[in-house]
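Chemist: This is the structure I want to talk about, given as C-alpha cells.
We did not get these values from a lab; they are worked out from the coordinates using the rules stated. Because the structure is a prediction, the values reported are computed rather than measured. Neighbour counts run over all protein chains shown; Cβ positions are idealised from the backbone, glycine included.
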Protein chains: 2
Amino acid sequence: MIKGISHLGVAVKDLEESREFYRKVFGLESSDPILGGDGTIKVSLVDTGNVLIELLQPIGNEGVMAKFLEKRGEGFHHICYEVENIAAEVDSAKSKGLEVLGEIRSGAEGKTAFLHPRDTHGVLVEFVEKEE
Amino acid sequence: MIKGISHLGVAVKDLEESREFYRKVFGLESSDPILGGDGTIKVSLVDTGNVLIELLQPIGNEGVMAKFLEKRGEGFHHICYEVENIAAEVDSAKSKGLEVLGEIRSGAEGKTAFLHPRDTHGVLVEFVEKEE
C-alpha cells in the first residue's frame, strides 16, 4: 500500500546554486549536502512543508545522473512513494509486467527500489519502506 | 510564504489508460476527468495520500500540453506550491528577476500563476492561493 509521496528527485547542475535559489526565491531551507549513489551524486533535501525535494547533482561526467542531465537538462528526475511493504510492492509490480531496476537496496531512508520509466508513463518511480 | 506542495502535473497521452495504470499498479484512485486550459486539456487528480498528481492529457494537436508531449514525451510537467498570498509571491519572484508567465488567473482551485522553467532550474512552477 502506498502511504503518500516521500520526496521528488530533481536533477541540478550546481547543488549550492540550487539550494540558494530555493532559499532566496521560495524561502525553503535545505539540508547539508551528503554523498549518494556510491559517490556519484551530491544530495540535499529541500523541506517544502509536506514533501521533500531531493536535489541531485552529479559528481563528474559518468554515472546515471550525469547522463540524465546531459540528455534532459535540469528538472524532475523521479517521484518517491512511501510504501508499507516494499517486497510486496515490488512483487506486485513484477507480476503486472513492470520492470524493476535492479534489486531492493538499503539506503539512508530505508529499503528502496526503482521501476523503469518506460513502464510508468514516463515517470521514474522509486518506492521506499522507511525503517521504524 | 509557501505552505507545501499542492499537486504535481504529469503529462499523459491517454488519460483513461493512465488512470487505470495508477489504480491497477499503485492502488490509487483518481477523480472524474474535467476539461481545463480553456478546453485544450483533460484533467484528472490522483490522490496519493498527501499530494495530488494532476494527470494532463491534451485535446487535439494544438495547445501547450500537446507541444510538451510532442517534445518531451510523457512525464513530469510542473510542480504546484500552495502559497498564502499569491500576489506577494508573484511580486517577490518578479523583483528577483524571474519571469511570470502571463498574469494571475482564477481557476478551479483558486488563484494561480506560473514561473518560467528557464528561471527555476528546469522545473515549471505554479503557485496556487486556495480560496477559503
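Chemist: Which of these, B:Glu82, B:Glu109, B:Glu16, has the largest mean-square fluctuation under a Gaussian network model of chain B (Cα springs below 10 Å)?
Modeler: The residue with the greatest mean-square fluctuation here is B:Glu109.
Chemist: Something else now. Give, as a single signed number, the net charge of other residues whose beta carbon lies under 14 Å from the beta carbon of B:Met65, with Lys and Arg counted +1 and Asp and Glu -1.
Modeler: Net of charged neighbours comes to -2.
Chemist: Something else now. Find the Cα radius of gyration of the protein assembly as shown, compare it with 2.2 N^0.38 Å by division, and give the number to two decimals.
Modeler: Cα-based Rg divided by the globular estimate yields 0.98.
Chemist: Sticking with this one: How would you rank A:23-30, A:125-132, highest first, on the average number of other Cβ atoms within 10 Å across their residues?
Modeler: A:125-132, A:23-30
Chemist: Could you check which residue among A:Leu45, A:Leu101, A:Leu55 shows the biggest mean-square fluctuation in a GNM of chain A with a 10 Å Cα cutoff?
Modeler: Ranking A:Leu45, A:Leu101, A:Leu55 by mean-square fluctuation puts A:Leu101 first.
Chemist: Which residue, chosen from B:Leu45, A:Gly39, A:Met1, occupies the Cα position most advanced towards the positive end of the dipole of the protein assembly as shown, where the dipole is computed from +1 (Lys, Arg) and -1 (Asp, Glu) charges on Cβ about the Cα centre?
Modeler: Of the candidates, A:Gly39 comes out farthest on the positive side.
Chemist: Now for a separate question. Would you kindly give the portion of the calculated P(r) for region B:9-67 that falls above 13 Å, as a percent of all Cα pairs?
Modeler: That tail contains 56 percent of the Cα-Cα pairs.
Chemist: Summing Lys, Arg as +1 and Asp, Glu as -1, what charge do residues with Cβ under 12 Å from the Cβ of B:Asn85 carry, B:Asn85 excluded?
Modeler: Taking every other residue near B:Asn85 into account, the sum is -2.
Chemist: Per the helix-only calculation at 222 nm, which mean residue ellipticity applies to chain A, given -39500 (n - 2.57) for every DSSP H run of n ≥ 4 and division by its residues, nearest 500 deg cm²/dmol?
Modeler: My calculation for chain A gives -7500 deg cm²/dmol from helical runs alone.
Chemist: Same structure, new question: Using the Cα centre of chain B as origin and beta-carbon charges of +1 (Lys, Arg) and -1 (Asp, Glu), tell me which of B:Cys80, B:Gly107, B:Val128 is placed farthest towards the positive end of the dipole.
Modeler: Of the candidates, B:Cys80 comes out farthest on the positive side.
Chemist: Defining a contact as two alpha carbons under 8 Å apart and six or more residues distant in sequence, what relative contact order in percent does region B:2-130 show?
Modeler: RCO, region B:2-130: 25 percent.
Chemist: Using a 10 Å cut-off on Cβ to Cβ distances, tally the other chain neighbours for every residue of A:73-84 and report the average as a whole number.
Modeler: Counting Cβ atoms of other protein chains within 10 Å of each residue's Cβ and averaging gives 4.
Chemist: Counting C-alpha atoms alone, how compact is region A:77-132: give Rg to one decimal and Dmax as a whole number, in angstrom.
Modeler: 10.5, 32
Chemist: About its Cα centre, what dipole magnitude does the protein assembly as shown give when the only charges are +1 on Lys and Arg Cβ and -1 on Asp and Glu Cβ, stated in debye to the nearest 20?
Modeler: In total the dipole reaches around 640 debye.
Chemist: Note down the magnitude of the dipole of region A:28-99 about its Cα centre, charges +1 on Lys and Arg C-beta and -1 on Asp and Glu C-beta and zero elsewhere, to the nearest 20 debye.
Modeler: Rounded to the nearest 20 debye, it is 340 debye.
Chemist: Also, quick follow-up: Student exercise: in chain A, how many lysine pairs 8 or more apart or on different chains have Cα atoms under 29 Å apart?
Modeler: So the count of such lysine pairs works out to 29.
Chemist: With charges set only on the Cβ (+1 for Lys and Arg, -1 for Asp and Glu), what does the dipole of region A:2-130 come to about its Cα centre, in debye to the nearest 20?
Modeler: Value, rounded to 20: 280 debye.
Chemist: Would you compute, for the Cα atoms of region A:2-130, the largest minus smallest coordinate along each principal axis and list the three values in descending order, in whole Å?
Modeler: 45, 32, 26
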